[in-house]
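Contents: one structure, followed by commentary.
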Amino acid sequence: MSKAIAKLFRDPGHAARAVADLLAKGFKSEEIGILVKAEVGLELAGKVGTDPARRQLAGAGAMIALGPLAQDEEAPLKAIELPEDVLGYYEMGLRLGGVLLSVHSQKREGEARRLLLRAEVTPGEKAEGGFPRAERMTATDPVDARMTGDFRRY
């Protein structure tokens, strides 16, 4: 099994953008796994082009699973090797209506990670560490004063 890169999206629109970016960059639909509540999942199923499978996730109820996440009927999250605390976080996010997107590609995991990170950034922002970058220091400085190095003033 290839190494999986996974990201939990709060907004299904961001997840759809990530899927479109992955497909545009040449990732195959068989490499993309999606796990989402049944009500939300049918829209994403059409974008990937694989047959959705209905799965039950403890505490989250009826789910739609696509790609590698649809292979295990008992535990769809087994396709991603995760520590127990991260697994609990993903389950909680799925219960709240999030979308879990995974990419199973051993050779292109760095590119997949960048595409998943960039999908949540709105146009015009720069993705660096997950946060938009400030254009100037005063945008993040609550005092909005220039520091001189003479700390007796402060």
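Every read-out reported here was derived from the displayed coordinates using simple, explicitly stated rules and does not represent laboratory data. Owing to the predicted nature of the structure, the values given are computational and were not obtained by experimental measurement. A quick note on method: Cβ atoms are made from the backbone with ideal geometry, for glycine too, and the neighbour counts reach across all protein chains shown.
Structural remarks
- The length gained by stretching the chain between LEU23 and VAL86 to full extension, at 0.36 nm per residue less their Cα-Cα distance, is 20.0 nm.
- Neighbour-count ranking [beta-carbon atoms within 10 angstrom, fewest first] of ASP21, ASP51: ASP51, ASP21
- With K and R counted +1 and D and E -1, the other residues having a Cβ less than 14 Å from that of MET92 yield a net charge of 0.
- Annotation: extensible slack from ARG95 through GLN56 equals 12.9 nm (criterion: 0.36 nm per residue apart, minus Cα-Cα distance).
- Exposure proxy ranking for SER29, SER105, based on other Cβ atoms within 10 angstrom of each Cβ and starting from the fewest, stands as SER29, SER105.
- Near GLY26: Cβ cut-off under 15 Å, other residues only, Lys/Arg at +1 and Asp/Glu at -1. The net charge is 0.
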